[in-house]
Structure formats: C-alpha cells, structure tokens
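One structure below.
No lab work stands behind these numbers, since they all come straight from the coordinates. If you're wondering where the values come from, they're calculated on a predicted model, not measured in any experiment. Cβ coordinates were reconstructed from backbone atoms using ideal geometry, including for glycine residues, and neighbour counts include every protein chain displayed.
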Amino acid sequence: MKKLMLPFFLLSMSLFIAACSSDEGSTEEKETNTEATEESAKSDEMEMKSALLDFQKEIINTVNANDSAIYTFESAKAKEEDKPSAEEIGKLKTEAESSAKTVAEDVQGLEVPAALDSKKDEIQGALDDLAKSYETRAANLSDEVNAEYKESDEQFASFEEKMAAVYEEAGLTKPSFSADIVD
C-alpha cells in the first residue's frame, strides 16, 4: 500500500509545484503589463502636452497673421503728433474691421489636433470665445482715443480662462495668450 501511495503523493506534489510556479509567472506578467500601461499613459500624456503646446503656437500665429491692422488703427487714433486725417482714420478703421473679421474666421477654421480629442470640447469652447472676441471688436471699433472694448475683452478673458483650465489639467503652466497675441 505504501508503494501505491508514493506515486500518488509524488503526482500530487508535482501538480502543486506546477500550480505555484504558474502563479509566480502570472504575477510577473501582471507587473509587466502594469509597467507597460504606465509607460503608455506617460507617453500619451507627453504627446498631449506636446500637441497642446504646438496648438498654442498655431493659435498665436493664426491671430498674429492678420491682427496688425487693429493695432495700427488703435495707435494711429491715439497719436497727438502727426495725427492722421479723419479720412485716413476712417480707412484704418475699415482695415481694422476687416482684419478682426478675418482673424475670427481663421480662428473658427482651426481644427483641434487628434492628440487633444479628450479636451476637444473645452478647447473648441475657448476658440469660440476667441472668435467672438474678434467679431465683437470688429463690430464695435470706435474712433474715440481711449475707447474701451469691454465685451470683446471679457470674451478674450473667457478664452484665456478656458485654455488655462485645459493646461492646468494637463499639468502645464497656464499660458498668457494676451502677452503673445500682440504686434
């Protein structure tokens, strides 16, 4: 009887050892999968940050490509010496209105990159505010020297706030678009 129990015992032990060793492999496999997932998440995060910074540059370049007429008009009407004539101011105002409308159209034409799809709604909302800011500016340009553009400024501030939230969620410092969107 002892002879019959020995093979049965050896078989049981080998099954037990095999089961234990496969658990160790499973644990190692889980650790490897966890590491791969963490690396993938870090890679996705870096890709998002890079795309966000590239898109920031695209927004700034898009606005700056056509907004110079607005600043030319604002500075011309504020001149005390060599002040342009009323006719020249009128021409500059027309150019500024056209420029602001062009900026609004160009901003509306921007497409949020695929790498930023998770934040697309927030970014698109911000871009809508930026476009509205320039549309409002075009509609309300004034010949007054110290004219205030409160509604346009509030829309621009809303754009900056929405973009700041996206940057902070991504772990980046919020940008100051107002510092970069000037001539």
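Classified by the C-alpha gyration tensor, region 111-171 has a prolate form. Its axis ratio a/c, with a ≥ b ≥ c, is 1.5 or above, and a/b is larger than b/c. Label-to-label distance for T102 and S68 is 1.0 nm, based on points extended 7 Å past Cα in the beta-carbon direction.
In the structure shown, do any of K57/K83; K91/K150; K91/K162; K77/K120; K49/K77 have a Cα-Cα gap over 32 Å, and if so which? Long pairs (Cα-Cα over 32 Å): K57/K83; K91/K162; K77/K120; K49/K77. Fully extending the segment from E45 to E111 would add 21.8 nm, taking 0.36 nm per residue of separation and subtracting the current Cα-Cα distance. Along region 83-100 the Karplus relation, 6.51 cos²θ - 1.76 cosθ + 1.60 evaluated at θ = phi - 60°, assigns HN-Hα couplings of 5, x, 5, 4, 5, 5, 4, x, 5, 5, 5, 4, 5, 5, 4, 4, 4, 5 Hz to successive residues, with x for each Gly and Pro. Indicate the gyration tensor shape class of region 36-181 (rounded, prolate or oblate), computed on the Cα atoms with a ≥ b ≥ c the square roots of the eigenvalues: a/c under 1.5 is rounded; otherwise a/b larger than b/c is prolate and the rest oblate. Verdict is prolate for region 36-181. Computed from label points 7 Å out along Cα-Cβ, the spacing between E122 and K150 is 3.0 nm. Couplings 3J(HN,Hα) for region 55-71, derived from phi with the Karplus relation 6.51 cos²θ - 1.76 cosθ + 1.60 (θ = phi - 60°), are 5, 4, 4, 5, 4, 4, 5, 4, 5, 5, 5, 9, 9, 5, 5, 5, 6 Hz, where x marks Gly and Pro.
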